[in-house]
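Student: Here it is, the structure, as structure tokens.
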Amino acid sequence: MKDKLKNEMKTMPKIDLHCHLDGSMTLKSVEQILKRKVEPEELEAGNCCQNLAEYLDRFLLPLQCVQTEKGLRLAAKEFLLDVAKENMKYVEVRFAPLSSVHDRLDCRQVVEAVLEGLKEAETQCGVSWNVIACAMRHHPQEDSLAMMKACREYLGEGLCAVDLAGDEASYPMEGFRELFAQAKRLGFPFTIHAGECGRVENVLEAVEGGASRIGHGIALKGHPKAQKLCADKRIGIEMCPTSNLQTRAAEREGYPIREFMDAGLLVTLNTDNRTVSGTSMTQEMDFVVQEYGVTAEELGQFFRNAVEVSFANDEIKHRLCGLKLFR
Ligand SMILES: [Zn+2]
């Protein structure tokens, strides 16, 4: 029975809402851009990270690759062609434009290069996509606001939302209230990395501030009141099991996916960083089936939840609703 499910998992249509471009660059594209042989270990976190900050160090090499328009275009194109191999139907890929901006490359050039790469790949593989622009916690907030303003013209034209990412323990959510009030005024929907390795208060602040989705949300574990609030507001919870275990956001035992499902939260299953975490959507599905007894029906529910909370337009949502997602 499990073998049958394993085979079905490989071919079934998939949706990923939480996937970072820099952490999901294919080895081939990294080699092509850096013009040298790269060992997988140079990119993969494995199981040796002590915390989120150490995990984030694995992004140094991919970030070197996205400092030119050519690199950005290639990274985005190869990424989409890669996810197509596991029958991905829709992906929201996120990245931090400011991490590629320097005196010879402005924010618009950065965003346009990524959009071009994705468009080029879409004509070849047919995967639908949207881009989420991440503000990084360690960047000056006036720069993040300028980035959002520069991104505004692409909203609905390939870019669907903004996000807050980076080292949550060092930069708690309360410092970003005003930035996301501004994001709201600019008309952006947003998701926030919260409760990945911080306190449940970060999740609550993000929701109060208007986030319609939470990246990770592990800190909701053991907090039924906060869970109920998120469930009532139909907040999407973007869970990324492999990454959460690698960053020590959670332990293998007691990973709260079942607790969140039982609390009625809109759980979605995601990869976070395909390359840095050495994973794929198929692997994440297999992992939660093996480890936490998730059933085929429940996998289907994760993807239906993903359609509901995605930032896609109605046309894409309609198409995704028509997919034969697990049972
Ligand atoms: Zn993430």
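Just so you know, all these numbers are worked out from the coordinates, no wet-lab data involved. Every value quoted in this text rests on a predicted model; they were computed, and no experiment measured them. So basically every Cβ, Gly included, is an ideal-geometry build from the backbone, and we count neighbours across all protein chains shown.
Student: Could you work out how far apart the two model spin labels at Leu60 and Lys28 are, taking each label as a point 7 Å from the Cα in the direction of the beta carbon, and quote it in nm?
Tutor: Label at Leu60, label at Lys28, 2.8 nm between them.
Student: Also, I was wondering about something else. Rounding to the nearest 20 debye, state how big the charge dipole of the range 2-321 is about its Cα centre with +1 on each Lys and Arg Cβ and -1 on each Asp and Glu Cβ.
Tutor: Computed charge dipole of the range 2-321: roughly 480 debye.
Student: Also: Using the Karplus equation 6.51 cos²θ - 1.76 cosθ + 1.60 (θ = phi - 60°), what ³J(HN,Hα) coupling, rounded to whole Hz, does each residue of the range 185-197 give in order, writing x for Gly and Pro?
Tutor: With the stated coefficients, the range 185-197 comes to 4, 6, x, 7, x, 8, 10, 9, 5, 8, x, 7, 9 Hz.
Student: Which one of Pro97, Pro224, Pro241 has the biggest mean-square fluctuation once the chain is modelled by GNM with Cα springs under 10 Å?
Tutor: Judging by the Gaussian network model, the answer is Pro224.
Student: Separate question: DSSP loop trypsin sites (Lys or Arg not before Pro) in the range 8-70 with at most 10 other Cβ atoms within 10 Å of their Cβ, which ones?
Tutor: Lys35, Arg36, Lys37
Student: Please check: in the Gaussian network model of the chain (C-alpha springs, under 10 Å), which one of Leu229, Leu52, Leu204 has the largest mean-square fluctuation.
Tutor: Leu229
Student: Something else about it: Taking amide H positions as placed in the peptide plane 1.01 Å from N, state which residues far from His193 in sequence (5 or more) or on other chains have amide H under 5 Å from it.
Tutor: Leu164, Gly215
Student: Kindly provide the GluC sites (Glu not before Pro) of the range 114-171 that DSSP labels as loop, not H, G, I, E or B, and whose Cβ sees at most 11 other Cβ atoms within 10 Å.
Tutor: For GluC sites (Glu not before Pro) across the range 114-171 that sit outside H, G, I, E and B with at most 11 neighbouring Cβ atoms in 10 Å, the list reads Glu157.
Student: Trypsin sites (Lys or Arg not before Pro), restricted to the range 81-188: which are DSSP loop and have at most 14 other Cβ atoms within 10 Å?
Tutor: Lys85, Arg104
Student: Could you tally the net charge around Gly198, taking each other residue with its Cβ under 11 Å from the Cβ of Gly198, Lys/Arg +1 and Asp/Glu -1?
Tutor: So the surrounding residues net to -4.
Student: Next question, about the same structure. For labels at Arg199 and Lys324 in the simple 7 Å Cα→Cβ model, what's the distance in nm?
Tutor: Roughly 5.0 nm, to one decimal.
Student: Neighbour counts of other C-beta atoms within 10 Å: give me Asp106, Asp22, Asp232 arranged from fewest to most.
Tutor: By the 10 Å Cβ count, ascending: Asp232, Asp106, Asp22.
Student: Points 7 angstrom from Cα along the Cβ direction at Glu122 and Glu8: gap in nanometres?
Tutor: Distance between label points: 3.1 nm.
Student: Using amide H atoms built 1.01 Å from N in the peptide plane, name the residues 5+ places from Leu159, or on other chains, whose amide H lies under 5 Å from its own.
Tutor: Val131
Student: Now a separate question. Give the separation of the Cα centroids, the range 234-289 to the range 39-93, in Å.
Tutor: First find each Cα centre; the distance between them is then 18 Å.
Student: Through the Karplus equation 6.51 cos²θ - 1.76 cosθ + 1.60, θ set to phi - 60°, convert the phi angles of the range 86-102 into ³J(HN,Hα) values in whole Hz; use x for Gly and Pro.
Tutor: Coupling constants for the range 86-102: 9, 6, 5, 9, 8, 9, 9, 9, 10, 7, 9, x, 5, 6, 10, 7, 8 Hz.
Student: Using each residue's phi in the range 313-319, evaluate 6.51 cos²θ - 1.76 cosθ + 1.60 at θ = phi - 60° and report the 3J(HN,Hα) Karplus result to the nearest Hz, with x for Gly and Pro.
Tutor: 6, 4, 4, 5, 4, 4, 5
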